[in-house]
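Here is the structure we will look at.
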Amino acid sequence: MSSVFRLAHLTDVHLGPLPRPRPGELFSKRITGFLSWQLRRRRIHRTDVLDATLAALASARPDHTVVTGDLCNISLPGEFVAARDWLLRLGPPARVTAIPGNHDAYVPGAAEAHWPLWRPWMEGAGAPRDFPFVRRVGPLALLGLSSAVPRPWGDAAGELGCAQLERLAVRLAELRRSGLCRVVLVHHPPVPGWSPPRKCLLDAAALGAVLAREGAELVLCGHDHRLASGALPGPSGPIPVLAGPSASLAAAEPEKRGGGLLLAIRRADSGAGWRIEAEAWRFDPALARMAHEAVPMPPSVVAALA
Ligand SMILES: [Fe+2]
Ligand SMILES: [Fe+2]
């Protein structure tokens, strides 16, 4: 049996507490986000849940960890510094890869001003034009996308744009012959119907067309704050898509419970393709601790491997 690579997946960290805004920093969409945080979100994105998630991650001893965005809440400058410090505690850049989410580009100019702080975890990417980045990690090629764009009030949609999609297609095609397991990281789920219109990936169909033509072995996303598994068509079989739960969310609804994913990735015994198994650890409010569970891969993916 081939060796196993253990990849941890965290998403939607929504670090708290919020730094105190300086005068003028709330004269934007940030004011409603700030009120939403104070009135509701700070009570459900909890430090104790995030700490439990990180403790479970540490005991799982992954080979690498990916974080698929929404480290911030309203893109205050101090949030990016806090997120940089949190990434440092999570692990050295060689062991941790991050991409941004919509809360990391909450207002115009935030990306250009503050993403450079996270460059070491984004393979040097420090602006929207730098995506996708490609990072080789063990037997994996991580392709980090940015769907994070500033949107109007009440709108949490994402967009990759034609130029980024064209660059992604080129990189996927180059990597197809490398024998590496291509793992696409994108904050907004690309599966039609997973997200409501005001939260969806606007060019999901175009991303689906690139993946259908060039292929990928796995897509990891977040944004909806709920655990989900599905698939998109690929050139030689279905491509599994996993959405992780928020790393900090305390939720009563079972599908929304916060936590993280651990993936065991190995070459298929046949030598062609990859076998991927997923496990979730999520915070059970009744037990006040993490509970482990297997995440079923979509039947179409299992059938394609059989
Ligand atoms: Fe989020
Ligand atoms: Fe999000």
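Read-outs throughout are calculated quantities, based only on the coordinates presented, and are distinct from any laboratory measurement. Note that this is a predicted model, so its numbers are computed, not measured. Methodologically, a virtual Cβ is constructed for each residue, glycine included, from the backbone with ideal geometry; neighbour enumeration extends over all protein chains shown.
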Checklist entry - Tell me, what ³J(HN,Hα) does each residue in the stretch 156-169 have, in order and in whole Hz, if you take phi through Karplus 6.51 cos²θ - 1.76 cosθ + 1.60 with θ = phi - 60° and put x for Gly and Pro? => result 10, 5, x, 8, 8, x, 4, 5, 5, 5, 5, 5, 4, 4
Item to check | Cβ-based exposure ranking for Trp86, Trp274, Trp281, in which fewest neighbours within 10 Å come first | outcome: Trp86, Trp274, Trp281
Checklist entry - So what are the ³J(HN,Hα) numbers for the stretch 299-306, from phi and the Karplus equation (6.51, -1.76, 1.60; θ = phi - 60°), rounded to whole Hz, Gly and Pro as x? => result x, 5, 6, 4, 5, 5, 7, 5
Checklist entry - So for Met297, Met122, fewest C-beta neighbours within 10 Å to most, what's the order? => result Met297, Met122
Checklist entry - Which cross-chain or sequence-distant (5 or more) residues have an amide H under 5 Å from the amide H of Leu232, H modelled 1.01 Å from N in plane? => result Ile239, Val241
Checklist entry - Could you give the nm distance between label points at Arg289 and Ala268, where each point is 7 Å from its Cα heading toward the beta carbon? => result 3.9 nm
Checklist outcome for this item: With R₀ set to 30 angstrom, the calculated FRET efficiency between the beta-carbons of Arg177 and Arg119, to the nearest 0.05, is 0.55
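R0 = 41 Å: FRET efficiency of Trp86 with Glu166, Cβ-based, nearest 0.05? Present the calculation step by step, with values, prior to reporting the outcome.
On the way: r = 33 Å, r/R0 = 0.80.
It comes out at approximately 0.80.
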Next on the checklist: Counting other beta carbons within 10 Å of each residue's own, what order do Asp203, Asp130 fall into, fewest first?
Outcome noted: Asp130, Asp203
Checklist entry - Across the stretch 30-45, in residue order, what do the Karplus-derived ³J(HN,Hα) couplings come to in whole Hz, using 6.51 cos²θ - 1.76 cosθ + 1.60 with θ = phi - 60° and x for Gly and Pro? => result 4, 5, 6, x, 5, 5, 4, 5, 5, 7, 9, 5, 5, 8, 9, 8
Item to check | Alpha-carbon Debye profile of the stretch 5-305, log10 I(q)/I(0) at 0.07, 0.12 Å⁻¹ | outcome: -0.23, -0.71
Next on the checklist: For the stretch 1-123, place one equal point scatterer on every Cα, skip the solvent, and apply the Debye formula. What is log10 of I(q)/I(0) at q = 0.21 Å⁻¹?
Outcome noted: -1.22
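Rounded to the nearest 0.05, what FRET efficiency do Arg22 and Asp51 give with R0 = 30 Å and r taken as the Cβ-Cβ distance? Could you check? Mind showing how you got there, number by number?
On the way: r = 28 Å, r/R0 = 0.95.
Calculated transfer efficiency: 0.60.
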Item to check | Neighbourhood net charge (12 Å Cβ-Cβ; Lys/Arg +1, Asp/Glu -1) for Arg129 | outcome: -1
Next on the checklist: Can you compute the helix-only [θ] at 222 nm over the chain? Use -39500 (n - 2.57) per DSSP H run of at least 4 residues, normalise by all residues, nearest 500 deg cm²/dmol.
Outcome noted: -7000 deg cm²/dmol
